1. Taking the chain as a Gaussian network, where each spring joins two C-alpha atoms under 10 Å apart, which residue of Gln114, Gln92, Gln256 fluctuates the most?
2. Amide H neighbours of Lys319 under 5 Å, at least 5 residues apart or on other chains, H built in the peptide plane: list them.
3. Whole number in Å², please: accessible area per residue of segment 134-197, 1.4 Å probe, ligands, DNA and RNA not counted.
4. Taking θ as phi - 60°, what are the ³J(HN,Hα) couplings along segment 94-104 by the Karplus curve (6.51, -1.76, 1.60), each to the nearest whole Hz, with x for Gly and Pro?
5. Can you tell which of Ile70, Ile141, Ile169 shows the greatest fluctuation in a Gaussian network model of the chain with Cα springs below 10 Å?
6. Karplus couplings for segment 131-142 from phi (6.51 cos²θ - 1.76 cosθ + 1.60, θ = phi - 60°), rounded to Hz, Gly and Pro as x?
7. For segment 126-229, with only Lys/Arg (+1) and Asp/Glu (-1) charged at the beta-carbon, what is the dipole magnitude about the Cα centre, in debye rounded to 20?
8. Quick one: among Ser160, Ser221, Ser282, which has the greatest mean-square fluctuation in a GNM of the chain with alpha-carbon springs under 10 angstrom?
Amino acid sequence: MKTKDQILKILSERQDSIVSGEVLAETIGVSRTAIWKAIKGLQENGFEIETIAQKGYILNDGNRLNPQLIYSYLDNQGIQVETFDELKSTNQLAKERATQQGNNEPLLIVANGQTGGYGRFGRDFESPEDTGIYMSYLLRINQPIKDVGQLTTATAMAVSYALENKLNIQPQIKWVNDIYYQNKKVCGILTEAVTDIETQQVTSLVIGIGLDFKTDITKLSTNLQDKVGSLVAESGDVTRNELIAEITNQFMIIYQDYQSGGFMDDYRKRSLVIGKTVTLKSGYQEITGVVETISDSGQLVFRNDDGQVTKYMAGEITKVNVEGITHGQE
């Protein structure tokens, strides 16, 4: 491990405490000069390390992604954490890792920015650096798995819990995978399965989360600015590291028993679509009707204009009328 990485690990583990240069040098086994140079390098790379005269150094959790800080905030530390300055896509890297040998611990991949982020149906997901949260979980599966779609529902609930806990806001969920706040989409979720070619069995699941946390919406494409929201005004002093960890804490709790649907009452309370007139696209069919409820297994219970009630496990709501505002497809 490089000197910079070792310093960052030590300061992260002792966050809010002053660590002297002498202690750092002795612990790592390098000179005080090497410590000073490494600290300067970390500061130049955006880490908020404060120098306290005659005492040492203290790390503040700023805007810079820090795997050690994320790890320190986790309740369940049985997950690996990796951060990157830039990736094409966190989901893409997670799928690549799924084909490689590795242990069975869950893996969290986080990027400061993405150059090729994507959502459902391959739609582009704009991912400006330094402001958003772009993260993917890689979950290796050792037994046949059912109801993969419900895991997306569970993830939406985990994100909602985290936003409520850390930002004190009340987000809503548009079935299946979109988080809304103040009638604007702030988060999308994409679940993908990795299948063994020979056995045709699902061996891994990849769950991607894209959240416009401190994003300047005016920096996004013009066609998105009326549809997409940001939590910059609500974020306060909550950092990306802290929120990433809280999302993960909530996700790991729900994941242990997500197939039971124990979170569905809370999901329904936050639903943006129950009782609303919507347009639903299922396959090549597009129909309009009213969402009566969402079942415990995550199915959309839909009554069309002819009064026929049908349950849908998959599909996409392309329009929903909420308080006179019609949300279109993103």
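The values are calculated or read from the model by the stated rules, or taken from the named source; none is laboratory data. Given the structure is predicted, the values throughout are model-derived calculations rather than measurements. Glycine gets a Cβ as well: all are built from the backbone with ideal geometry, and neighbour counts include every protein chain shown. Please note that ligands, DNA and RNA were not included when accessible areas were found on the heavy atoms of the full protein model with its side chains. Shrake-Rupley method; radii C 1.70, N 1.55, O 1.52, S 1.80 Å.
1. Sorting by GNM fluctuation, first place goes to Gln256.
2. Amide H neighbours of Lys319, under 5 Å, 5+ apart: Thr279.
3. On the way: 2280 Å² over 64 residues.
Heavy-atom accessible area per residue stands at 36 Å².
4. Result, ordered by residue: 4, 5, 5, 5, 5, 8, 9, 5, x, 6, 8 Hz.
5. Fluctuation is largest for Ile141.
6. 10, x, 10, 10, 9, 9, 9, 10, 10, 7, 10, 9
7. Working: 9 positive and 12 negative charges, 62 e Å.
I would put it at about 300 debye.
8. Ser221
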